[in-house]
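What follows is a single structure, written as structure tokens, with notes after it.
The values are calculated or read from the model by the stated rules, or taken from the named source; none is laboratory data. Since the model is a prediction, treat every value here as computed from it, not as a measurement. Virtual Cβ from ideal backbone geometry, glycine too; neighbours counted across all protein chains shown.
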Amino acid sequence: MGIRGFGATEAEAFEQAALAMTAVVTDIEAVVAREVITIECESPDHELLFADWLNSLIYEMSTRKMLFRRFSVRLEGARLHAQAWGERVDPVRHHPAVEIKGATYTELRVAREREQWVAQTVVDV
Amino acid sequence: MDLTLFTRRSEFEWEIPMQGAMRVPAVIYASEALMREMDSKVHEQAVNVAKLPGIVKASYAMPDAHWGYGFPIGGVAAFDPDEGGVVSAGGVGFDISCGVRCLRTGLTRPDIMRDQNLLAEALYTRIPAGMGSTGLIHLNADEMDAMLTGGAKWAVDGGWGVPEDLERVEEHGQMLGAKPANVSEHAKKRQRDEMGTLGSGNHYLEVQEVTTLFDERIARIFGLKQGDVVVMIHCGSRGLGHQIGTDFLKRMAVAAGQYGITLPDRELACAPIHSDLGKEYLGAMRAAINCALANRQILTHLVRKVFADILPSAQLSLLYDVSHNTCKVEEHRVNGGSRKLYVHRKGATRAFGPGHPDVPEALREAGQPVLIGGSMGTGSYVLAGTAESEALAFSSACHGAGRAMSRHQALRTWKGRQVVDELAARGILIRSPSMRGVAEEAPNAYKDVTAVVDAAAAAGLARKVARVEPLVCIKG
């Protein structure tokens, strides 16, 4: 399933793509921002960093059994610092359609297009 | 797909001749109709695989091939370690050792129909399925390492099965060469509470009826009769395999340059088999294979308990367990000689022919059972490996129907409840924690599995033995 985030900044495009990833699993309106977690990652280039960001979220979704709906990303060179707000998955309320296995490098792209940034890839479900 | 890009070698064999950086040709086995419908990305991806170092004979794609990640889904490629051959994390995929297991029940359709609803409810209640579900088994660090080394054998030793099961699992239920130390703590943590869970997406557990026999002799050897009830389980190595795929995809993508490998697509991330990283991945991937084998073994135990409570006359015995996302070391005949090759099958099933020593003795004269999962509510197939499949595609066959429509499009086309009701009217009970998931997996979102299987059989990759149709489907 392809996901794509747009933003005025690269960080915002990363945040929007993370929101799109939650939408792959459930209706984002059904997710409440109750708890916050912190994510840090580092990669040799910003496309791999974007995949790392998504994979870090996938890891947190899997081990904490959580879904996220609000994100705050800060990019500093090769590093990403982020916070994600969400809640524990509730099968009755969220009806999760799939669990995400990983963010692939298929169609992976982080670029500035005219006035906005785009960050996209395909996630394996 | 544009068929002018191919040289048609026979009715079911389409070749992309060597060009540019290709080291070998690419070959797709399919009917003309399947070729016309096939995603054009399969051509591009099969060509990219043909450019990888050490590839032997050809880059193959099965009749159910579709656009994958780096490798096409339905891709088969073998590499020679002594010719610079590589092992590719992308070529195995995220769901390492995802596969299908088939259990015979000793029951026939009339035996279960009175309790069909009860059976559906009990399986749904007692088999953990869907995102966020956890199993009943929680492993500490030592138990995790023992599971990653022991596979289905570890599960049987722990009481989740009987020793006779192991004979009917590839690698006798235990993949040798697994190195739990090569598996990251992240991967182990993802798996800690996921043993004995089905997962989600296209993973399922079905109670099925044998509706057609195509080969009575082989069906007899496999212990299948018309009207028999069987159980098929489709799932893989859960969070552990997904994390290993993620970890090594990145490491191999970053390291490719230092090994002098030019990747036509980053998703083809690979490392020489003889390199430290290649060896490290192989040890971790084999641990993930054991995780998948243990997981399907535990699910088997849970299914047996449900049947024992509801239909105590049932005797659930394993027909076979196949994995369709792997890289395995196998001996193959190439140009008249025997070579030890690293065979990647991504969405493709091993299909050893009659007499192969790795096929269980009781099944050997028939060839290896090849279990093909169809879409929810249509049908699945039991095939048998052929002798000619060795020369055609390193003894490989298709693995399923393959999607014809995106999840997004399926969701716009159907409602989950409508799919459940329509299938119930046809006598098929669906149970799932997610109606949206059901809509995304609607039967018509997939290609016609019969067309895929017919093409595999006509190409000589495998022989048709039986068709089975669902009575109950538990969807993750």
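Tabulated results
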quantity: Considering residues of segment B:135-146 that are out of contact with any Ser or Thr (no Cβ under 7 Å at 6 or more places or on another chain) and closer than 18 Å to B:Ile233 by Cβ only, the residue surrounded by the fewest Cβ atoms within 10 Å (Cβ to Cβ); calculated: B:Leu136
quantity: Count of segment B:267-299 residues which are surrounded by fewer than 24 Cβ atoms within 10 Å (Cβ to Cβ), within 30 Å of B:Leu198 (Cα to Cα) and among the charged types (D, E, K, R); calculated: 2
quantity: Filter result for B:Val169 (away from chain A (no Cβ under 14 Å), under 30 Å from B:Ala457 (Cβ atoms) and buried (at least 19 other Cβ atoms within 10 Å of the Cβ)); calculated: yes
quantity: Qualifying positions in segment B:181-194 - closer than 30 Å to B:Ala120 by Cα and either at pLDDT 95 or above or in a helix (DSSP H, G or I) (or both); calculated: B:Arg190, B:Gln191
quantity: Tabulated pairs, segment B:29-46, first modelled with pLDDT of 95 or more and surrounded by 15 or more Cβ atoms within 10 Å (Cβ to Cβ), second among the polar types (S, T, N, Q) and not in a loop (DSSP other than H, G, I, E, B), C-beta under 6 angstrom, 6+ apart or interchain; calculated: B:Ala46/B:Ser59
quantity: Pairs, first farther than 19 Å from B:Val334 by Cβ in segment B:6-28, second part of a loop (DSSP other than H, G, I, E, B) and among the polar types (S, T, N, Q), C-beta under 9 Å, six or more apart; calculated: B:Glu11/B:Ser31; B:Phe12/B:Ser31; B:Ala21/B:Thr262
quantity: Candidate set: segment B:367-389, residues that are modelled with pLDDT of 95 or more and β-branched (Val, Ile, Thr); chosen: the one surrounded by the most Cβ atoms within 10 Å (Cβ to Cβ); calculated: B:Val370
quantity: Failed condition for B:Asp321, given (1) over 18 Å from the mean Cα position of the chain (by Cα); (2) acidic (Asp, Glu); (3) within 30 Å of B:Ile112 (Cα to Cα); calculated: (1)
quantity: Residue among B:Ala401, B:Ala348, B:Ala393, B:Ala397 that alone is over 21 Å from A:Val125 (Cβ atoms), crowded, with 24+ Cβ neighbours inside 10 Å and touching a Ser or Thr at 6+ places or on another chain (Cβ under 6 Å); calculated: B:Ala397
quantity: Filtered residues of segment A:71-110 (kept if more than 9 Å from chain B (Cβ to nearest Cβ), within 13 Å of the chain's Cα centre (by Cα) and either without any contact (Cβ under 8 Å) to a residue 40 or more places away in the chain or buried (at least 22 other Cβ atoms within 10 Å of the Cβ) (or both)); calculated: A:Phe71, A:Val73, A:Leu80, A:Ala84, A:Gly86
quantity: Any pair with Cβ under 7 angstrom, 6 or more apart, that starts in segment B:82-97 at a residue that is under 20 Å from B:Ala287 (Cβ atoms) and within 10 Å of chain A (Cβ to nearest Cβ) and ends at one that is surrounded by 24 or more Cβ atoms within 10 Å (Cβ to Cβ) and basic (Lys, Arg); calculated: B:Gly93/B:Lys346; B:Phe94/A:Lys101; B:Asp95/A:Lys101
quantity: Unique residue being on the phi < 0 side of the Ramachandran plot and either in contact with a Gly (Cβ under 6 Å, 6 or more places away or on another chain) or in a strand (DSSP E or B) (or both) when the list is A:Leu57, A:Leu80; calculated: A:Leu80
quantity: Leading residue by the ranking (surrounded by the most Cβ atoms within 10 Å (Cβ to Cβ)) among those in segment B:10-27 that are out of contact with any Pro (no Cβ under 8 Å at 6 or more places or on another chain) and within 30 Å of B:Gly257 (Cα to Cα); calculated: B:Ala26
quantity: Where B:Ser184 falls short, out of the listed (1) buried (at least 24 other Cβ atoms within 10 Å of the Cβ); (2) out of contact with any strand residue (DSSP E or B) (no Cβ under 6 Å at 6 or more places or on another chain); (3) not hydrophobic (A, V, I, L, M, F, W, C); calculated: (1)
quantity: Unique match (being surrounded by 18 or more Cβ atoms within 10 Å (Cβ to Cβ), farther than 29 Å from B:Ala271 by Cβ and not small (Gly, Ala, Ser)) among B:Leu341, B:Leu319; calculated: B:Leu319
quantity: Single match in B:Arg220, B:Arg251 (criterion: over 21 Å from the mean Cα position of the chain (by Cα), surrounded by fewer than 22 Cβ atoms within 10 Å (Cβ to Cβ), away from chain A (no Cβ under 14 Å) and basic (Lys, Arg)); calculated: B:Arg220
quantity: Check on B:Ala89, under 24 Å from A:Val125 (Cα atoms), buried (at least 24 other Cβ atoms within 10 Å of the Cβ), of a type in the set (Gly, Ala, Ser) and in contact with a Pro (Cβ under 7 Å, 6 or more places away or on another chain); calculated: no
quantity: B:Val231 being within 30 Å of A:Met1 (Cβ to Cβ), more than 14 Å from chain A (Cβ to nearest Cβ) and under 24 Å from the mean Cα position of the chain (by Cα); calculated: yes
quantity: Selection from segment B:196-217 of residues that are more than 16 Å from B:Ser317 (Cα to Cα) and either of a type in the set (S, T, N, Q) or within 14 Å of another protein chain (Cβ to nearest Cβ) (or both); calculated: B:Thr197, B:Leu198, B:Gly199, B:Ser200, B:Gly201, B:Asn202, B:His203, B:Tyr204, B:Thr211, B:Thr212
quantity: Residues of segment B:263-302 satisfying the condition of being touching a residue at least 60 places away in the same chain (Cβ under 8 Å) and outside any helix (DSSP H, G or I); calculated: B:Pro264, B:Asp265, B:Ala269, B:Cys270, B:Ala271, B:Pro272, B:Ile273, B:His274
quantity: Top-ranked residue of segment A:111-123 - restricted to ones that are of a type outside the set (D, E, K, R), more than 12 Å from chain B (Cβ to nearest Cβ) and touching a residue at least 12 places away in the same chain (Cβ under 8 Å), ranked as nearest to B:Glu441 (Cα to Cα); calculated: A:Gln120
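Condition check ((1) charged (D, E, K, R); (2) closer than 27 Å to B:Arg251 by Cβ; (3) within 11 Å of another protein chain (Cβ to nearest Cβ); (4) surrounded by fewer than 21 Cβ atoms within 10 Å (Cβ to Cβ)) across all residues:
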position: A:Val24; (1), (2), (3), (4): no, yes, yes, yes
position: A:Arg34; (1), (2), (3), (4): yes, no, no, yes
position: A:Asp45; (1), (2), (3), (4): yes, yes, yes, yes
position: A:Ile58; (1), (2), (3), (4): no, yes, yes, no
